[in-house]
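The values are calculated or read from the model by the stated rules, or taken from the named source; none is laboratory data. Quick caveat, the model's predicted, so the values are computed rather than measured. Positions of Cβ are backbone-derived with ideal geometry, glycine not excepted, and every protein chain shown enters the neighbour counts. Remember, those area values only see protein heavy atoms, side chains included, never the ligands or the DNA or RNA. Shrake-Rupley method; radii C 1.70, N 1.55, O 1.52, S 1.80 Å.
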Amino acid sequence: MAYFANVSAVAYEGSASRNPFAFRHYNPQEVVAGKTMEEHFRFAVAYWHTFVGNGSDPFGAGTMQRGWDRYSGLDLAKARVEANFEFLEKLGLPFFCFHDRDIAPEGDTLQETNKNLDTIVAMIKEYMQSSGKKLLWNTANMFTNPRFLHGAATTCSADVYAYAAAQVKKGLEVGKELGAENYVFWGGREGYETLLNTDLLRELDNLAHMFHMAVDYAKEIGFDAQFLIEPKPKEPTKHQYDFDAATTISFLQTYGLKDHFKLNLEANHATLAGHTFEHDMRVARIQGMLGSLDANQGDMLLGWDTDEFPTNLYDTTLTMYEVLQNGGIGRGGINFDAKVRRASFEPDDLFLAHIAGIDAYAKGLKVAAKLIEDRVFEDFIANRYRSFDEGIGLEISSGRATLRSLEQYALQNNPIKLESGRQERLKALLNQYLLGE
Ligand code: XLS
Ligand code: CA
Ligand code: CA
């Protein structure tokens, strides 16, 4: 059964192409900075937005026209699996990502729910084997079901905590069964609304216990995926514990977990935290914690997680700049955690949206590679900090200076000479590279 009969395989046609169902920049086999584009990106489709999301919002019902919606229950779940593999095949993308509850419906009991999951996981495994498509990551949805209204690993109920643990255990088993490259923890409802009813320290301790148990269990069953935590500052709770890259790294360090995790950073989550995406990526990168990316973009004028497809070339360029400086994205990838707008309800829009995002990333990669090759920012930055490479600056950076030695220096160093930061000039240079001039 074809769910996207209108669309045939999407191919690279070059920037002169006017075919909306073609890539103009993403050429999987083209080598940029020593690797093919396919190797650089490891693009993934997000199951929840693409095959489950129905376009509903707080003001209105779903709008999406989806061929699989004529089914229900397990039949619906199976139809979505077929749609996923048809979509990946036609777009030529290697990976997908899912939450447990995206792929199979919950039953009345945990036993039944796990049985449903097993049925669909077996089907997915067969499709993976015949298609060669791979699972970038899976995760447990511990935020939709009402039982998680106080949180999962940070709930006030030990019964709910135990349920969540059982769900994580199953998630790790599913990841192993499907050979997932990564396993993600996004703290869905791990946060709080008011301190008036919250034992903050207990919640954080319990969250750390859950992560330790997960690390131990993965080791026990021989599941060697990279573990990722995905920060987000707010939504659904007011204060999400994994606020941003810096907060999450410090949490992992405090609880002796830093060696077992990296971060899955999302563009829209960084901007919700009041950062640019490249800021959070840089914070993670300099600590060796950059694991994987959720590619999307927010709206500057809206204060919530809009999960739009990434089309802003400045952002994709600076994102790929960080990825290249990181030496690549490793076992992670670029997952389109993005949804078409409610008014983009036709199945074709799913292709057009992914093509827009993929091409924006491909263009960003090419521009970033050129910027790095020409050392546009590196040379400027090295020169800007050169005072720390010799004399008194070298004393400081090598840790030999003392307050006394610096006072002695400052007393005789008058006047101090400063130089411009040249921000506007650097932005003009970035424009020049983006325009290919
Ligand atoms: C929600 C998150 C979520 C995670 C996976 O805001 O982006 O979709 O990526 O649970
Ligand atoms: Ca995400
Ligand atoms: Ca999001």
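Couple of notes before you dig in:
- Subset of the stretch 202-221 that is over 30 Å from residue 267 (Cβ atoms) and open to solvent by 50 Å² or more (accessible area, probe 1.4 Å) - its residue that is farthest from ligand 3 (Cβ to nearest atom): 220
- Qualifying residue in the stretch 192-201 (condition: open to solvent by less than 10 Å² (accessible area, probe 1.4 Å), outside any loop (DSSP other than H, G, I, E, B) and in contact with a His (Cβ under 9 Å, 6 or more places away or on another chain)): no
- Residue within the stretch 249-259 that is assigned to a helix (DSSP H, G or I), open to solvent by less than 10 Å² (accessible area, probe 1.4 Å) and in contact with a Pro (Cβ under 6 Å, 6 or more places away or on another chain) present: no
- Some residue of the stretch 260-267 being more than 30 Å from residue 58 (Cα to Cα), open to solvent by 10 Å² or more (accessible area, probe 1.4 Å) and within 16 Å of ligand 2 (Cβ to nearest atom): yes
- Here residue 26 clears all of (1) open to solvent by less than 10 Å² (accessible area, probe 1.4 Å); (2) under 30 Å from residue 105 (Cβ atoms); (3) not in a helix (DSSP H, G or I) except the condition numbered (2).
- Criterion (modelled with pLDDT under 95, open to solvent by 10 Å² or more (accessible area, probe 1.4 Å) and within 16 Å of ligand 3 (Cβ to nearest atom)) met by exactly one of 274, 298, 303: 303
- Within the stretch 278-295, residues that are β-branched (Val, Ile, Thr) have Cβ atoms under 8 Å from residues that are surrounded by fewer than 19 Cβ atoms within 10 Å (Cβ to Cβ) in these pairs: 283/246, counting only partners at least 6 apart in sequence or on another chain.
- Subset tally (residues that are among the acidic types (Asp, Glu) and either touching a Phe, Trp or Tyr at 6+ places or on another chain (Cβ under 6 Å) or open to solvent by 10 Å² or more (accessible area, probe 1.4 Å) (or both)) for the stretch 314-333: 1
- Selection over the stretch 27-49 of residues that are closer than 24 Å to residue 16 by Cα and among the aromatic types (Phe, Trp, Tyr) gives a count of 2.
- Note on the stretch 344-356: among residues that are out of contact with any Ser or Thr (no Cβ under 7 Å at 6 or more places or on another chain) and touching a residue at least 60 places away in the same chain (Cβ under 8 Å), the one that is nearest to ligand 1 (Cβ to nearest atom) is 354.
- In the condition set (1) crowded, with 16+ Cβ neighbours inside 10 Å; (2) not in a helix (DSSP H, G or I), residue 395 is compliant with all but (2).
- Every residue from the stretch 269-314 that is within 20 Å of residue 366 (Cα to Cα) and away from ligand 2 (no atom under 16 Å from the Cβ): 278, 282, 311, 312, 313, 314
- The condition of being surrounded by fewer than 16 Cβ atoms within 10 Å (Cβ to Cβ), touching a residue at least 40 places away in the same chain (Cβ under 8 Å) and assigned to a helix (DSSP H, G or I) holds for only one of 426, 411, 371, that being 426.
- Output for the stretch 169-190, where each listed residue is β-branched (Val, Ile, Thr), over 18 Å from the mean Cα position of the chain (by Cα) and closer than 22 Å to residue 289 by Cβ: none
- Beta carbons closer than 7 Å, at least 6 apart along the sequence or on distinct chains, pair a first residue in the stretch 242-268 that is modelled with pLDDT of 95 or more with a second that is more than 14 Å from ligand 2 (Cβ to nearest atom) and polar (S, T, N, Q) for 249/287; 262/226.
- Being surrounded by fewer than 15 Cβ atoms within 10 Å (Cβ to Cβ) and either within 26 Å of residue 437 (Cβ to Cβ) or not aromatic (Phe, Trp, Tyr) (or both) is true of residue 381.
- Of the residues making up the stretch 1-23, those that are surrounded by 12 or more Cβ atoms within 10 Å (Cβ to Cβ) and either assigned to a strand (DSSP E or B) or among the polar types (S, T, N, Q) (or both) number 5.
- Residue in the stretch 204-225 that is under 21 Å from residue 334 (Cα atoms), away from ligand 2 (no atom under 16 Å from the Cβ), out of contact with any Cys (no Cβ under 7 Å at 6 or more places or on another chain) and among the hydrophobic types (A, V, I, L, M, F, W, C) present: yes
- Considering residues of the stretch 222-232 that are buried (at least 22 other Cβ atoms within 10 Å of the Cβ) and assigned to a loop (DSSP other than H, G, I, E, B) only, the residue nearest to ligand 1 (Cβ to nearest atom): 232
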